[in-house]
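Everything below concerns the one structure shown next.
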Amino acid sequence: MKYEGFTTFKVEQDEAIMTVTFDFGSVNVQGQEMLSDLNSLAMRLERDRETKVVIFQSANPEIWVCHYDTELLKDMSDEAVSREDAQLLDLQLVCERISKVPQATIAKLEGFARGGGHELALALDMRFAARGKYKFMQMEVGMGILPCGGGASRMARQTGLGKALEIILSAQDYDADDAERLGTINKALNPDEIGEYVNNLAKRISQFPAESINACKQMVYESIDQPIKEALKSEAYWLYQATSKTPALKRFQIADEQGLEHDIANQRNWSNLVMDVQNIN
Amino acid sequence: MKYEGFTTFKVEQDEAIMTVTFDFGSVNVQGQEMLSDLNSLAMRLERDRETKVVIFQSANPEIWVCHYDTELLKDMSDEAVSREDAQLLDLQLVCERISKVPQATIAKLEGFARGGGHELALALDMRFAARGKYKFMQMEVGMGILPCGGGASRMARQTGLGKALEIILSAQDYDADDAERLGTINKALNPDEIGEYVNNLAKRISQFPAESINACKQMVYESIDQPIKEALKSEAYWLYQATSKTPALKRFQIADEQGLEHDIANQRNWSNLVMDVQNIN
Amino acid sequence: MKYEGFTTFKVEQDEAIMTVTFDFGSVNVQGQEMLSDLNSLAMRLERDRETKVVIFQSANPEIWVCHYDTELLKDMSDEAVSREDAQLLDLQLVCERISKVPQATIAKLEGFARGGGHELALALDMRFAARGKYKFMQMEVGMGILPCGGGASRMARQTGLGKALEIILSAQDYDADDAERLGTINKALNPDEIGEYVNNLAKRISQFPAESINACKQMVYESIDQPIKEALKSEAYWLYQATSKTPALKRFQIADEQGLEHDIANQRNWSNLVMDVQNIN
């Protein structure tokens, strides 16, 4: 799979870990160029069986990804439409497509992420933010619009109703510790530790079977959108999707036969065991 | 819009901010008078295009709003009904109606909120509570009933399942810091800072376009009740509802043409910019 | 109701409180014996009108409940199935059945809970964990499978999407404080305080009417799986289910007539009042 020809970010590959580094103009504006690049990136990731983890970071020391290009808003229709005729917006489609790629995705947030930039971060699987550098805001209510890249919908699934309403109605900046408290990120980290933390997490995940990563991920997204009885059926479906394609379970059985039973029985070793077993052929 | 004739609270208006101050008897009991007043308040707010934020507070230094009037429980039927025949209760209907008014609603909690009082707080958009003064409890399980003003349903949407089950099954008091930890409120504040905090938040929101406040709010409530694909359609629908009615986006374009491009490009100024732009005609 | 003949745990009864103590082999492995025992336990609890609270703990000082028996995984099919044909797995069925028993269930976590063991904990109503002793992990992604006892589905309902994805994709250990931060447990406690804390909570709940405990519990589970309008109907349905069967409301009315009006009016006494009223006949 070739990852070339992007204008708004660079792509680097280190075995199964891909790093996408936004670097576009002075503020990493989220315009047609970036949406087009992200759509093209998603199309390739959907077909990529080698890459298992994608880290999204920024080359800009102050800004992760800036808001949606206000130039594009100027051409926005001012007609109301019926619920049936409401077409999804470009930003919604791109964020949803990125959200469901088969890889584990991580936002490494070391600068501002506002408006559409923050909505993109919310579309990724996990979010880690650097204290003193990260700030987020949804400013749309002040512009006569609303977060329309999935941000309203994804926020409520992260924070619960009350905090999502506060964030979206107040249109104010929140820092990394606020974000942890509100639940929009997984964890706030010191600026000098976020790099190692994200790398270690990515490295760990990247050693697991690709089919299992995808099955786990799709399952979590499906589960929150269904009643528990239906969600359990989805679990079973994705389980067999994973086991029908991956040799990992068999590898685990071989490990067992090779004398790792003791470690399996010993609960203290699972954290290492789950890694050791990846190296058996 | 006239806000007169209420017996259980006073209404004060300061430009686009309304303050509702509960002041009824010794404990602000939630009886027919209060439900009737709240229903009447909601009916007016639904038609009010001037008011953008409503703060709910209490004149009683110890109690925000007390539980549902136990006198009313005495006449309660003891017949089981089928799922089809289960009629919504008055408290459910009033709380749901208050929950969806087009204004941003804030509970300023400086005293006890138990039973139906707490369910009313949960029906508002945001909740802030004063340390040392606020306590909440759902005591229904001890009375042979269950929280039946939307409290069971709204709790789970704020706290997740485990914490909602603890709160509702234990029927015990929790204070402001507990509430922050459990996720039933947005933030615990010191008693001497809650006033200014809520005022500043209300003032900020009150400067944004009314249609956009409503669109943002309805969208967040809808999003959590639908699968993501449907939720994204709701986002698009409410976006065009907002842009078809508000001049704010155009105002923003004018700001842009008037030379605020520099500020727009400069991510650091968004927090002020989103306010400045409200003053352009 | 007789609670005998279990091989993987002991059952003790202290009035309305039942304690289930896992004690099976060296690691409390979750094999056919335990699933069979849990299914049989659930069947009896569903018919038991005396027991109101069940505490699940372990006799093993290091392990609460260990992962699903890897022996059983070896016979697992490697055929993919359609969504329609995806049969629920034994672990899913048992956890779901335990989750919905009419009693309030509490996990008292003083050792490791990994894989299926952690999924069982997630199926209980409330979870309290001891600092320095508790650790949890979902290691399935490393084995080519996914958490398939409801863990993926229940995790998202506790923690929100981002944290569920981190836990399930990283397959790493988290301790009690991590668990509190991530939202998988209700509260982290010191090892010397968890016993008293859980006992007090169980004792409090056990004094409330059984029908009301069940109605509150079923309602919370239903509410998160339905749009708010439907959830409110469920509240009304379960309210009348409870009031049609329990004398508690009437008992409360008698209390009222006996001169507790003062206490009812006095918000400060509710926490005791709700207990006192249980003793009136």
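Shielding of B:68-75 by partners, i.e. mean partner chain Cβ atoms within 10 Å per residue?
Details: counts 0, 1, 9, 4, 0, 5, 6, 0.
Counting other chains' Cβ atoms within 10 Å and averaging over B:68-75 gives 3.
Counting heavy atoms of the protein chains alone, B:Cys95 has an accessible area of about 0 Å² for a 1.4 Å probe. The C-A contact accounts for roughly 5300 square angstrom of buried accessible surface, both chains included, probe 1.4 angstrom. Say a label goes 7 Å from Cα toward Cβ at C:Asn200 in every copy; what distances in nm does this one have to the rest, shortest first? Result for C:Asn200, in nm, nearest copy first: 3.6, 3.6.
For B:Asp14, the label point sits 7 Å beyond Cα toward Cβ; its separations from the matching points on the remaining copies run 5.4, 5.4 nm, from shortest to longest. Report which residues of region A:87-135 become buried by 30 Å² or more of accessible surface when going from the isolated chain to the complete set of protein chains (1.4 Å probe; DNA, RNA and ligands ignored). Correct list: A:Leu88, A:Leu89, A:Gln92, A:Glu96, A:Phe112, A:Arg114, A:Asp125, A:Met126. For chain B, the longest principal axis of the alpha carbon atoms and the long axis of helix B:228-243 meet at an angle near 60°. A DSSP coil position with no more than 15 other Cβ atoms inside 10 Å describes the following trypsin sites (Lys or Arg not before Pro) in region B:5-83: B:Arg49, B:Lys74, B:Arg83.
Largest to smallest in accessible area, the residues C:Glu62, C:Glu71 fall in the order C:Glu71, C:Glu62 (1.4 Å probe, all protein chains included).
Using a probe of 1.4 angstrom and keeping all protein chains present, the accessible surface of the protein assembly as shown works out to 35 square angstrom per residue. When the other protein chains are added to the chain by itself, burial of at least 50 square angstrom of heavy-atom accessible area (probe 1.4 Å, ligands and nucleic acids ignored) affects these residues of region C:223-238: C:Ile224, C:Asp225, C:Ile228, C:Leu232, C:Glu235, C:Tyr237. Across q = 0.17 Å⁻¹, region A:9-205 modelled as identical point scatterers on its alpha-carbon atoms has Debye log10 I(q)/I(0) values of -1.16, in the order of the q list. A point 7 Å from Cα along Cα→Cβ stands in for A:Arg49, and the other copies hold the same point at 6.1, 6.1 nm, listed in rising order. For region C:9-205, the share of accessible area belonging to carbon and sulfur comes to 43 percent (1.4 Å probe, ligands and nucleic acids excluded). From its DSSP helices (H runs of at least four residues, each -39,500 (n - 2.57)), the protein assembly as shown gives a residue-normalised ellipticity at 222 nm of -13000 deg cm²/dmol.
The values are calculated or read from the model by the stated rules, or taken from the named source; none is laboratory data. All values derive from a computational prediction rather than experimental measurement. Please note: Cβ atoms are built from the backbone with ideal geometry, for glycine as well, and neighbour counts cover all protein chains shown. To get the accessible areas, we keep the full protein, side chains included, count just its heavy atoms, and leave off ligands, DNA and RNA. Shrake-Rupley method; radii C 1.70, N 1.55, O 1.52, S 1.80 Å.
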